[in-house]
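The values are calculated or read from the model by the stated rules, or taken from the named source; none is laboratory data. Model, not experiment: these values are computed from the prediction. Here Cβ is always computed from backbone atoms with ideal geometry, including for glycine, and neighbour counts include all displayed protein chains.
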2 protein chains.
Amino acid sequence: MTDIPSQHLERAVRELSRLPGIGRKTAMRLALHLLRRDRKEIQAFADSIVGMADGVRYCHVCHNISDQDTCPICANPARDHTTVCVVETVEDVIAIEATNQYRGVYHVLGGVISPIDAVGPQDLEIQSLVERVAAEVPQEIILALSPTMEGDTTAYYIYRKLQPTPARITTIARGIAQNDQLHYADELTLGRSILDRHPFTI
Amino acid sequence: MTDIPSQHLERAVRELSRLPGIGRKTAMRLALHLLRRDRKEIQAFADSIVGMADGVRYCHVCHNISDQDTCPICANPARDHTTVCVVETVEDVIAIEATNQYRGVYHVLGGVISPIDAVGPQDLEIQSLVERVAAEVPQEIILALSPTMEGDTTAYYIYRKLQPTPARITTIARGIAQNDQLHYADELTLGRSILDRHPFTI
C-alpha cells in the first residue's frame, strides 16, 4: 500500500494492523471509521481498552478473568466444585459456558505446552492445578484441551503430574461434528469415533 | 454469547464489536489478545487512536486527510494540478495512488448522495468542488465514483452542477475486471464493455 497522507493516521493503522487477523487494508478501514466518529466516542473507545488493561484481574482459584479476586464461577455455591474442567484459555471457558451443559468449575492454563513457541509447563498454570487438586481433592478432572499435538502433549503431561490422585481424569469426546458429513471426516477422527462408540439412545 | 466474567472486558468487547466487520466473537479475541500485551503497549494502542482523532486534519483544497493545512499531494508541484479526480473517500485516494497510474490531484467528496442514509449534496464537498473548479479552471475533471446507483446519481448531480465549464469531464472505465472470466460478468458490465470498446493495442 502506498504512503498514508498523515502520520497520525499511519500510526493508528500500524497499531490496528498488529491485532490478530487485521491486515493493513482492514486497519485502514477501521481507522477511517473511527475518524468519522465524535471525539468523545473515540475517547470512550480508547478508554475502554486501557480500562480493561487496568481493571481486569485473574481469579486466584481458576485463573479465569474476573473483576474480583475470585471469579463469578468459583464464587458461585450453586456450581459443582467437585468437578474441575481444565481449559487452555478464557475463550474456552466462555465457549463451554455458552453450551449450558456444564455446571462444574474451571482451571485456565493460559495456553498449551509448545516447544516451538517456547511455552513450557512452567509458563502455564499447571503447578497451581496440581496444588489445587491436592488441596481440594475434586471427584473429576476433565481435560478439555484442543485435539492438537500441543493439546494432547499438555493433557498427557498434566495426567502424569496429577498421579497419584483418587480423582477420575476424563477428556472431552472427539468425533464427527454435528451436521458434518461422515465421509468428509479425516481418518483419525472417524477411527476415534468408532472406537469411542456408545449405546444408542433416543 | 454468555456473560463475560469482567465488566472491564465486557466494555472493551462492546466497543471493539462496534467497529465495522467485527462481530462479538472477533471482538472477544481482539480484547483477549490486547490483554496479553504489556500495559505500555496497550497504552500505545489507545494513544494512537486518540492521537489520530486529535492530530488528523483535512486538506483545505481537496479534503484529503493530512497533517498539514494542505495535503502532500496538493502541495506537490510535480503533480498535474490541471487534472482533478473526484472520489468518494480517502480510501479511494489511497487505492488510486497505489496504482501509480495517476499524476493529477484529487477532490474527496466524503461520500455519495444517498437518500436512504440521509446524505444529501449539502453533506458532501460538492459546493467546494464547484467553487474550486470555477477558481482553478482545471483541464479535466475525472469522476471516479463507484458504479452504484448512489455513485451514478452523485456523478450526474456533479456533472450538472459543474455546467457550464470548459473542463473536460470524464469518468473511469467500466468493464471486465482483470483476470475475470468473461461469461461470469453481469450483463450490464459486459454490455458496457462492448459499447466502450476501443482500438486493440499491444
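Can you give me the number of residues within region B:60-77 that are out of contact with any helix residue (DSSP H, G or I) (no Cβ under 6 Å at 6 or more places or on another chain) and without any contact (Cβ under 8 Å) to a residue 24 or more places away in the chain? Break it down stepwise before answering.
In the first step, residues of region B:60-77 are kept if they are out of contact with any helix residue (DSSP H, G or I) (no Cβ under 6 Å at 6 or more places or on another chain); the result is B:60-63, B:66, B:68-77.
In the following step, the residues that additionally are without any contact (Cβ under 8 Å) to a residue 24 or more places away in the chain were identified as B:60, B:66, B:68-72, B:75-77.
So the count comes out to 10.
Filter region A:144-162 down to the residues that are surrounded by fewer than 14 Cβ atoms within 10 Å (Cβ to Cβ) and of a type in the set (D, E, K, R) and list them by number. Walk me through it before giving the result.
We begin by selecting, within region A:144-162, every residue surrounded by fewer than 14 Cβ atoms within 10 Å (Cβ to Cβ); these are A:147-149, A:156, A:160.
A:Arg160, the sole residue that qualifies.
For B:Ser128, are the conditions met, namely being within 20 Å of B:His60 (Cβ to Cβ), of a type in the set (Ser, Thr, Tyr) and surrounded by fewer than 19 Cβ atoms within 10 Å (Cβ to Cβ)? Before you say what the answer is, go through the steps one by one.
Values: within 20 Å of B:His60 (Cβ to Cβ): yes; of a type in the set (Ser, Thr, Tyr): yes; surrounded by fewer than 19 Cβ atoms within 10 Å (Cβ to Cβ): yes.
Here the answer is yes, as B:Ser128 does meet what is asked.
All of (1) closer than 30 Å to B:Asp47 by Cβ; (2) more than 21 Å from the chain's Cα centre (by Cα) hold for A:Pro77 with one exception: (1). Would a scan of region A:117-125 turn up a residue that is surrounded by 20 or more Cβ atoms within 10 Å (Cβ to Cβ) and either within 16 Å of B:Ser6 (Cα to Cα) or under 17 Å from the mean Cα position of the chain (by Cα) (or both)? Looking through region A:117-125, at least one residue is surrounded by 20 or more Cβ atoms within 10 Å (Cβ to Cβ) and either within 16 Å of B:Ser6 (Cα to Cα) or under 17 Å from the mean Cα position of the chain (by Cα) (or both). Considering (1) touching a helix residue (DSSP H, G or I) at 6+ places or on another chain (Cβ under 9 Å); (2) of a type in the set (A, V, I, L, M, F, W, C); (3) surrounded by 16 or more Cβ atoms within 10 Å (Cβ to Cβ); (4) within 29 Å of B:Ile73 (Cβ to Cβ), the lone condition that B:Val105 does not fulfil carries the number (1).
What number of residues within region A:144-169 satisfy the criterion of being aromatic (Phe, Trp, Tyr) and in contact (Cβ under 8 Å) with a residue 12 or more places away in the chain?
Here the count works out to 2.
For residues in region A:64-78 being of a type in the set (A, V, I, L, M) and surrounded by 15 or more Cβ atoms within 10 Å (Cβ to Cβ), which is farthest from the other protein chains (Cβ to nearest Cβ)? If we take residues in region A:64-78 being of a type in the set (A, V, I, L, M) and surrounded by 15 or more Cβ atoms within 10 Å (Cβ to Cβ), then A:Ile73 is farthest from the other protein chains (Cβ to nearest Cβ). Exactly one residue out of B:Ala135, B:Ala118 is on the phi > 0 side of the Ramachandran plot and either in contact with a strand residue (DSSP E or B) (Cβ under 8 Å, 6 or more places away or on another chain) or free of Cβ contacts under 8 Å to residues at least 40 places away in the same chain (or both): that is B:Ala118. If you check A:Val61, A:Val105, A:Val93, A:Val84 for being more than 7 Å from every other protein chain (Cβ to nearest Cβ), closer than 21 Å to B:Arg37 by Cα and either modelled with pLDDT of 95 or more or in a helix (DSSP H, G or I) (or both), only one passes: A:Val93. When A:Ile141 is tested against (1) out of contact with any strand residue (DSSP E or B) (no Cβ under 7 Å at 6 or more places or on another chain); (2) surrounded by 11 or more Cβ atoms within 10 Å (Cβ to Cβ); (3) not acidic (Asp, Glu), only condition (1) is not met. The residues on offer are B:Thr170, B:Thr165, B:Thr189, and the sole one that is of a type outside the set (Asp, Glu), surrounded by 10 or more Cβ atoms within 10 Å (Cβ to Cβ), modelled with pLDDT of 80 or more and part of a loop (DSSP other than H, G, I, E, B) is B:Thr165.
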